[in-house]
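**Q** Please see the structure below; I have some questions.
The values are calculated or read from the model by the stated rules, or taken from the named source; none is laboratory data. Keep in mind the model is a prediction, meaning the values are calculated, not measured. So basically every Cβ, Gly included, is an ideal-geometry build from the backbone, and we count neighbours across all protein chains shown.
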Amino acid sequence: MLKTRMPNIIIITIITITIIHWSSICYAMLDPVDFLALQAIRKSLEDMPGSNYFNSWDFTSDPCNFAGVYCENQRVVALNLGDPRAGAPGLSGRLHPSIGKLTALAEFTVVPGRIMGALPSTMSELKNLRFLAVSRNFIFHEIPALTELKKLRTLDLSYNQLTGGIPWSIGKLPALTNVILCHNRLSGSIPPFISRSLTRLDLKHNQFSGSIGPYSLPPSLQYLSLSWNRFSGRADRLLTRLSRLNYLDLSLNRFSGPIPGCVFNFPISNLQLERNMFSGPVRPVRSVTIPTVDLSHNMLYGQISPLFATVQNLYLNNNRFTGSVPRVFVDRLMSGSIKLLYLQHNFLTGMPIKPRSAIPLSSSLCLQYNCMVPPVQSPCPVSAGTQKTRPTSQCNEWKA
């Protein structure tokens, strides 16, 4: 019996060895450079407590089956580091320069976590990269030049601690569609962007300064947020060219000059131009259909256009508007069509509303600190102060 079973055991052993051999060959099919790059990336990062992202990263098996690793033709084409589920703890550590060795990479993302250090300069070698998103971590230092990323479409480095400026080479990338660099510590002026397909530019909450030339941004833009910076100079010629905008926020900057009338006809739901240095009269081209318009805390003057009466939430406070409020505002306010009308801290001389009129509870009106006694008493924000009327000396001085 022993003699008859031996050949079977030998055959089974040979088959097992063969399977293991071919299995190891399959695992080795990944390009060796990519294999070593993934090992280096793994060594520089760790799961934060509660994260199990790296559990599948066992280098005795096929790396193309690792979580977040996607391969084509034995090359890594997408690398998504961290558990993508909302609320996942994320990763800690640093991004290893070996990322630049994954030259077939088209997509690279990192979920929110506590990854620190600089964005590796070797990322400039990823000539096939189309999507780069490393947001909500603690990446600091400057943004690399990324000169060779001619195919890059999305650049999202938001909510980090980046310093320095935007390299001018990034403005020259021809395929960009989304640039999201908000909530960092970036400074200086911004480069002109040559991409004719750029639709989103989000730079809010940084320290950018300087003016933006009328041809620095392409007319393809649909989303523009520059709030909470130190931009200055005129913006009228720039805005006139950006007729496709469906979101615009220039608030909390130092923009000056007039606001072009065409802005009030952009297909947007919220126009935020408050807390700048815009000046001059405000003349919409036609009835404004934007639900919320905030022009507060500027240096705008002249009479209030009746074409603003179609706005639901209108902030014109803290400017230099004069004259009487058009009657159409009263009609819209009393019907409940206007939900909020802030006109405090101007030089207005009247509003044709009956003193005993009952403003709908759903509507808010503030007229404090103008050149008139408010005809009706209505609650105002605390920032409006307690003075009901502006001193006569100021009103006379403005008239002069």
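**Q** Out of (1) under 34 Å from the mean Cα position of the chain (by Cα); (2) buried (at least 19 other Cβ atoms within 10 Å of the Cβ), the odd one out for Arg320 is which?
**A** (2) is the only condition that Arg320 fails.
**Q** Further question on the same structure: Right, Leu102: among the aliphatic types (A, V, I, L, M), at pLDDT 95 or above and within 23 Å of the chain's Cα centre (by Cα) or not?
**A** Working: among the aliphatic types (A, V, I, L, M): yes; at pLDDT 95 or above: yes; within 23 Å of the chain's Cα centre (by Cα): no.
So Leu102 fails the test.
**Q** List every residue pair whose Cβ atoms lie under 7 Å apart, where the two residues are 6 or more positions apart in sequence or sit on different chains, the first residue falls within region 51-64 and is more than 18 Å from Gly113 (Cβ to Cβ) and touching a residue at least 12 places away in the same chain (Cβ under 8 Å), and the second residue, located anywhere, is surrounded by 13 or more Cβ atoms within 10 Å (Cβ to Cβ) and of a type outside the set (A, V, I, L, M, F, W, C).
**A** Short answer, once both residue conditions are applied: Phe59/Gln39; Ser61/Tyr27; Asp62/Tyr27.
**Q** Which count do you get for residues in region 390-400 that are out of contact with any His (no Cβ under 9 Å at 6 or more places or on another chain) and either closer than 18 Å to Tyr301 by Cβ or surrounded by 15 or more Cβ atoms within 10 Å (Cβ to Cβ) (or both)?
**A** Taking region 390-400 as the starting set, the residues that turn out to be out of contact with any His (no Cβ under 9 Å at 6 or more places or on another chain) are 391-400.
So of that shortlist, the ones also either closer than 18 Å to Tyr301 by Cβ or surrounded by 15 or more Cβ atoms within 10 Å (Cβ to Cβ) (or both) come out as 394-400.
Count: 7.
**Q** With the condition kept exactly as written, say whether any residue in region 117-134 is closer than 27 Å to Leu252 by Cα, free of Cβ contacts under 8 Å to residues at least 60 places away in the same chain and over 14 Å from the mean Cα position of the chain (by Cα). Step through it out loud before you land on a result.
**A** Our first condition is that a residue be closer than 27 Å to Leu252 by Cα; within region 117-134, this holds for 133-134.
After this cut, where a residue has to be free of Cβ contacts under 8 Å to residues at least 60 places away in the same chain as well, the list is 133-134.
After this cut, where a residue has to be over 14 Å from the mean Cα position of the chain (by Cα) as well, the list is none.
No, the conditions are met nowhere in region 117-134.
For (1) in contact with a Leu (Cβ under 6 Å, 6 or more places away or on another chain); (2) among the aromatic types (Phe, Trp, Tyr), each residue gets a yes or a no:
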residue: Leu36; (1), (2): no, no
residue: Ser124; (1), (2): yes, no
residue: Arg136; (1), (2): no, no
residue: Phe140; (1), (2): no, yes
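**Q** I'd like the residue in region 342-362 that is hydroxyl-bearing (Ser, Thr, Tyr) and farther than 16 Å from Thr322 by Cβ and, out of all such residues, is modelled with the highest pLDDT. If you could, list the steps in order and put the result at the bottom.
**A** Of the residues in region 342-362, the ones hydroxyl-bearing (Ser, Thr, Tyr) are 342, 349, 357, 362.
Next cut, farther than 16 Å from Thr322 by Cβ only: 342, 357, 362.
On the way: Tyr342: 98, Ser357: 85, Ser362: 92.
Restricting to residues being hydroxyl-bearing (Ser, Thr, Tyr) and farther than 16 Å from Thr322 by Cβ, the top hit is Tyr342.
**Q** Let me ask another. Criterion first (in contact with a strand residue (DSSP E or B) (Cβ under 7 Å, 6 or more places away or on another chain), modelled with pLDDT of 95 or more and surrounded by fewer than 18 Cβ atoms within 10 Å (Cβ to Cβ)) does Leu365 satisfy it?
**A** no
**Q** From the residues in region 88-121 that are β-branched (Val, Ile, Thr) and part of a loop (DSSP other than H, G, I, E, B), which one is farthest from Leu181 (Cα to Cα)? Step through it out loud before you land on a result.
**A** At the first step, the residues of region 88-121 found to be β-branched (Val, Ile, Thr) are 99, 103, 109-111, 115.
Filter again for part of a loop (DSSP other than H, G, I, E, B), leaving 103, 111.
Values: Thr103: 24, Val111: 16 Å.
Top of the filtered list is Thr103.
**Q** Another question, if that's okay. Among the residues that make up region 86-102, is at least one of them surrounded by fewer than 20 Cβ atoms within 10 Å (Cβ to Cβ), without any contact (Cβ under 8 Å) to a residue 12 or more places away in the chain and of a type in the set (D, E, K, R)?
**A** The answer is no, given that none of the residues of region 86-102 is surrounded by fewer than 20 Cβ atoms within 10 Å (Cβ to Cβ), without any contact (Cβ under 8 Å) to a residue 12 or more places away in the chain and of a type in the set (D, E, K, R).
**Q** Just give me the residues in region 368-393 being modelled with pLDDT under 95 and either in contact with a Lys or Arg (Cβ under 7 Å, 6 or more places away or on another chain) or among the acidic types (Asp, Glu) (or both), in sequence order.
**A** Within region 368-393, Val373, Pro374 qualify.
**Q** Considering region 272-293 alone, what residues qualify as being basic (Lys, Arg) and either within 14 Å of Asn317 (Cα to Cα) or in a strand (DSSP E or B) (or both)?
**A** At the first step, the residues of region 272-293 found to be basic (Lys, Arg) are 275, 283, 286.
Matches in region 272-293: Arg275 only.
**Q** Exactly one of these conditions fails for Pro355: (1) of a type outside the set (A, V, I, L, M, F, W, C); (2) touching a residue at least 24 places away in the same chain (Cβ under 8 Å); (3) surrounded by fewer than 17 Cβ atoms within 10 Å (Cβ to Cβ); (4) in contact with a Pro (Cβ under 7 Å, 6 or more places away or on another chain). Give me its number.
**A** (2)
Residues checked against (1) among the aromatic types (Phe, Trp, Tyr); (2) touching a Ser or Thr at 6+ places or on another chain (Cβ under 9 Å); (3) in contact (Cβ under 8 Å) with a residue 60 or more places away in the chain; (4) more than 24 Å from Ser279 (Cα to Cα):
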residue: Lys204; (1), (2), (3), (4): no, yes, no, no
residue: Pro219; (1), (2), (3), (4): no, yes, no, yes
residue: Arg230; (1), (2), (3), (4): no, yes, no, no
residue: Thr240; (1), (2), (3), (4): no, no, no, no
residue: Asn246; (1), (2), (3), (4): no, yes, no, no
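**Q** Taking region 347-371, which residues are assigned to a loop (DSSP other than H, G, I, E, B), more than 14 Å from Ser383 (Cα to Cα) and not hydrophobic (A, V, I, L, M, F, W, C)? Full working, then the answer.
**A** Filtering region 347-371 down to residues assigned to a loop (DSSP other than H, G, I, E, B) leaves 351-363, 367-369, 371.
Keeping just the survivors that are more than 14 Å from Ser383 (Cα to Cα) gives 351-363, 371.
Those that are assigned to a loop (DSSP other than H, G, I, E, B), more than 14 Å from Ser383 (Cα to Cα) and not hydrophobic (A, V, I, L, M, F, W, C): Pro352, Lys354, Pro355, Arg356, Ser357, Pro360, Ser362, Ser363.
**Q** Please give the number of the condition Gly210 fails out of (1) over 14 Å from the mean Cα position of the chain (by Cα); (2) in contact (Cβ under 8 Å) with a residue 24 or more places away in the chain.
**A** With respect to (1) over 14 Å from the mean Cα position of the chain (by Cα); (2) in contact (Cβ under 8 Å) with a residue 24 or more places away in the chain, Gly210 is out only on (2).
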